[in-house]
Structure formats: C-alpha cells, structure tokens
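The values are calculated or read from the model by the stated rules, or taken from the named source; none is laboratory data. Only a predicted model underlies this, so the values are computations on that prediction, with no experimental measurement involved. Counting neighbours? That spans all protein chains shown, and the Cβs are built from the backbone with ideal geometry, glycine included.
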Amino acid sequence: MRLPIMPSRESIRVHPPGLPPIVALVKEAIEKYIKEGKVIKKPEDLPLPEGTPERAGVFVCLKVNGELRGCIGTIEPATDSIPAEAIRNAIASATEDPRFHPVGEHELDSLDYSVDILYPPEKIKDEPELDPKEYGVIVVQGMRRGILLPDLPGVDTAAEQVKIARLKAGISPLDRDVELYRFRVKRLR
C-alpha cells in the first residue's frame, strides 16, 4: 500500500482567518524575510478578487497603530504575476522604504497590511477629472513621476492630491508642463 505524498511544509499555506489571500501572502513574505532572510515562493493558485488582471502594479503599505510604517509599489507590473509583484513589494515596503528604518522582528505582531492592485492608468486633461476617493493620480514631467493612491485620510480634494504627488516627484507646483493620469485600485486589507 502506497502512502500519499504530502506537500512539503513550505508549500502548505495556511491563511490567517479574515485576511484576503493576497494580504496573507504579503504577511507571510514579510515575516519569512525578516525572520529568516528568505524569499517565499510565488503560489501558483492564489485566488484573487474577481475582475483582477493577471498582471498589474501592486502597492503594499504597512501601518503600526494607524501610522504609516512603509509603502512601496509599482505603477506597472515588473514581474509575471500579481502574487510575485506582491511578494517583491511586500519585502521592499518592510526593508527599503527610504522614509523608515527596516522593520524589525519585534514589530511583526503589530503590523497592519494593505495591498492595492492597480488598474491601468488613463491620461486625463486636468484636475476636475479626478476624485481623490475613487482615483489615484500620477503626475509626470519628463523622467519624474509622483504617485498618490486613492482614498487616503486627509486628502479630500483633487488639488491636494496633485500637490502631494508633485512634491513626491520634485515637480514645482507652479510648473504647468505636466501630464496627469488617474487610476483605480482594488484595496485589500
């Protein structure tokens, strides 16, 4: 009698209750990297929200007690799938955000995670085509690009949204020679 072959322990993914699978993957990726210095393998069958494209830009944001602790993402996909993009950006948000020191192991239990899957941006003519609750914005001038995700606390007008994205890109608020793009996200927490 042959016994069934059991998957290796690393290939079994147990999702914490209440977390969407992509958020559980981000949590697992960060914890494995911080604790062991290892990058987890991309799952081949991770369920994603209905209507999600196969490849997309992904932002991973970390918070502790409601305060930002790290946020890194890609506007356009840099890998072959959303799970791969999420793993890559999760580790970067915990270790490479220049605004913060890398996340320490002692902080892992207090992290809150959010994952934004970006839908393709569309070029717009001016700020009235924005709604900061519904759309994120990308401001482009030459090689400079500033991005701001939608529905952020304290960002209530399109003008504020564009101003912050300009600052992030180092683009003067007086310079009118810019391109604007808007995009939607699927936010998972």
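Where the second residue is surrounded by fewer than 16 Cβ atoms within 10 Å (Cβ to Cβ) and outside any strand (DSSP E or B) and the first is basic (Lys, Arg) and lies in segment 140-152, which pairs have Cβ atoms under 7 Å and are six or more apart or on separate chains?
Close Cβ pairs (under 7 Å, with a partner that is surrounded by fewer than 16 Cβ atoms within 10 Å (Cβ to Cβ) and outside any strand (DSSP E or B)) amount to 144/170.
Identify, by number, the condition in (1) farther than 21 Å from residue 97 by Cα; (2) out of contact with any Ser or Thr (no Cβ under 7 Å at 6 or more places or on another chain); (3) of a type outside the set (Val, Ile, Thr); (4) outside any loop (DSSP other than H, G, I, E, B) that residue 154 doesn't meet.
Failing condition for residue 154: (4).
For segment 128-149, state whether one or more residues are of a type in the set (A, V, I, L, M), surrounded by fewer than 18 Cβ atoms within 10 Å (Cβ to Cβ) and touching a Lys or Arg at 6+ places or on another chain (Cβ under 8 Å).
Pass one, segment 128-149, residues of a type in the set (A, V, I, L, M): 130, 137-140, 143, 147-149.
Of the ones still in play, those that are also surrounded by fewer than 18 Cβ atoms within 10 Å (Cβ to Cβ) are 143.
When the remaining residues are screened for being touching a Lys or Arg at 6+ places or on another chain (Cβ under 8 Å), the result is none.
Checked segment 128-149: no residue is of a type in the set (A, V, I, L, M), surrounded by fewer than 18 Cβ atoms within 10 Å (Cβ to Cβ) and touching a Lys or Arg at 6+ places or on another chain (Cβ under 8 Å).
Applying the selection to segment 54-70, what residues are within 13 Å of the chain's Cα centre (by Cα) and either outside the structural domain of residue 26 (by TED's automatic domain parsing) or not in a strand (DSSP E or B) (or both)?
Result: 56, 57.
Search segment 63-82 for residues that are of a type outside the set (Gly, Ala, Ser) and pair each with any residue that is surrounded by fewer than 18 Cβ atoms within 10 Å (Cβ to Cβ) and part of a strand (DSSP E or B) when their beta-carbon atoms are under 7 Å apart and the residues are at least 6 apart or on different chains.
Close Cβ pairs satisfying both conditions: 63/112; 69/63.
Condition test on residue 110, is it under 16 Å from the mean Cα position of the chain (by Cα) and under 30 Å from residue 34 (Cα atoms)?
Working: under 16 Å from the mean Cα position of the chain (by Cα): no; under 30 Å from residue 34 (Cα atoms): yes.
No.
Take the conditions surrounded by 16 or more Cβ atoms within 10 Å (Cβ to Cβ) and within 26 Å of residue 45 (Cβ to Cβ) and apply them to residue 117. Does it pass? Before you say what the answer is, go through the steps one by one.
Numbers: surrounded by 16 or more Cβ atoms within 10 Å (Cβ to Cβ): yes; within 26 Å of residue 45 (Cβ to Cβ): yes.
When the stated conditions are applied, residue 117 passes them.
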